[in-house]
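Down below is the structure, laid out as C-alpha cells.
The values are calculated or read from the model by the stated rules, or taken from the named source; none is laboratory data. None of the values given here were measured: they were computed from a predicted structure. Cβ placement follows ideal geometry from the backbone for every residue including glycine, while neighbour counts extend to all protein chains displayed. Please note that ligands, DNA and RNA were not included when accessible areas were found on the heavy atoms of the full protein model with its side chains. Shrake-Rupley method; radii C 1.70, N 1.55, O 1.52, S 1.80 Å.
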Amino acid sequence: VSSNRVSIIDISSGKIKNLPEGTHSPALSPDGSLLLFIDRNTIKILDMNEGKISTIADGSSASWSGNSKIVFTQTVDNGRNVTFSAVKVFNMEDSKISEIPVESGRIPLFPSLSPDGTKLLYTDGVSGNLLIHSLTEEGRK
C-alpha cells in the first residue's frame, strides 16, 4: 500500500497492479479470492482472478465476516466529529444490505463480527470504549 492508493504485487512475477488514487484499507477475503478496499467513501471488491471491481455501498471501516459477508459502517459527521453511525452487513450471496441495531446513544465505529456471527465488536465513538454486542437471532439475519 502506498500513501495514496492500494497496490497489489504478484510475488512470483514482481508485477505491480495499482488501484485508483485514493484507495485504502485493503482486506483479503479468507479464501484469498477477493480484495475488499475503500475508494474514497465507497466500499469495493476486486475479484483477484477476473480483475473485475464491484461496488458494494458507501461506507467505511469494512471487514470480512467469513467469505460471504462484509460488515461496515455508514456515518454522518459535522465536519469535525462523527455524529451518527450505523453498522451494516452486505451479504454476498443475495447482494442485500441489512443493519445491525446497537444500543441507543452509541456511535459504533470499526465493527467486526465474531466468526459464528453471534457477537459484534465495535469502538463506541461516544465513550471511546471497545464494546461487545450480543446479537439475537433477528440481528444475525
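Summing Lys, Arg as +1 and Asp, Glu as -1, what charge do residues with Cβ under 15 Å from the Cβ of N67 carry, N67 excluded?
On the way: positive: K69; negative: D31, D47, E93, D94, D116.
With Lys, Arg at +1 and Asp, Glu at -1, the neighbours total -4.
Taking Rh as the Kirkwood radius computed over C-alpha pairs, what is the Stokes-Einstein D of the chain at 20 °C in a medium of viscosity 1.002 mPa s, expressed in µm² per second? Please list the in-between numbers first.
Values: Rh = 16.0 Å.
Once the numbers are plugged in, D ends up at 134 µm²/s.
Give me the accessible area per residue for the chain, probe 1.4 Å, as a whole number in Å². Let's see the in-between values first.
On the way: 8390 Å² over 141 residues.
Heavy-atom SASA per residue in the chain reads 60 Å².
What size of dipole, in debye to the nearest 20, comes out for the chain about its Cα centre when the only charges are +1 on Lys and Arg C-beta atoms and -1 on Asp and Glu C-beta atoms?
Working: 14 positive and 16 negative charges, 58 e Å.
Charge dipole, the chain, about its Cα centre: 280 debye, nearest 20.
Tell me, what % of the accessible area of region 1-108 is carbon and sulfur with a 1.4 angstrom probe?
Carbon and sulfur together cover 47 percent of it.
Just how large is the dipole of region 61-141 about the Cα centre, in debye to the nearest 20, putting +1 at every Lys and Arg Cβ and -1 at every Asp and Glu Cβ?
Charge dipole, region 61-141, about its Cα centre: 140 debye, nearest 20.
If I build a Gaussian network model for the chain, linking alpha-carbon pairs within less than 10 angstrom, which residue out of G14, G22, G51 has the largest mean-square fluctuation?
G14
D124: net charge of surrounding residues, Cβ under 13 Å, Lys/Arg +1, Asp/Glu -1, itself excluded?
Here the count lands on 0.
Excluding same-chain residues fewer than 8 positions from K69, which lysines have a Cα within less than 27 Å of its Cα?
Candidates past the 8-residue exclusion: K17, K44, K52, K88, K96, K119, K141.
To the nearest 0.05, what FRET efficiency results for S33 and N4 with a Förster distance of 22 Å applied to their C-beta separation?
On the way: r = 26 Å, r/R0 = 1.18.
E between S33 and N4, to the nearest 0.05, is 0.25.
Grab the beta carbon distance between T136 and S112, set R0 = 22 Å, and tell me the FRET efficiency rounded to 0.05. Let's see the in-between values first.
Working: r = 18 Å, r/R0 = 0.82.
Efficiency at R0 = 22 Å is approximately 0.75.
Residues in region 44-70 near a label at K119, defined as backbone nitrogen under 17 Å from the 7 Å Cα→Cβ point?
65-66
Which part of region 28-44 falls in the paramagnetic zone of S95, meaning amide N under 16 Å from the point 7 Å along Cα-to-beta-carbon?
43-44
Residue separation times 0.36 nm, minus the C-alpha to C-alpha distance between N67 and N129: what's the value?
Net length gain for the segment: 19.5 nm.
Kirkwood Rh, region 85-141, all Cα pairs: how many Å? Write down the numbers at each step before the final one.
Values: mean 1/r = 0.0852 Å⁻¹.
In region 85-141 this quantity evaluates to 11.7 Å.
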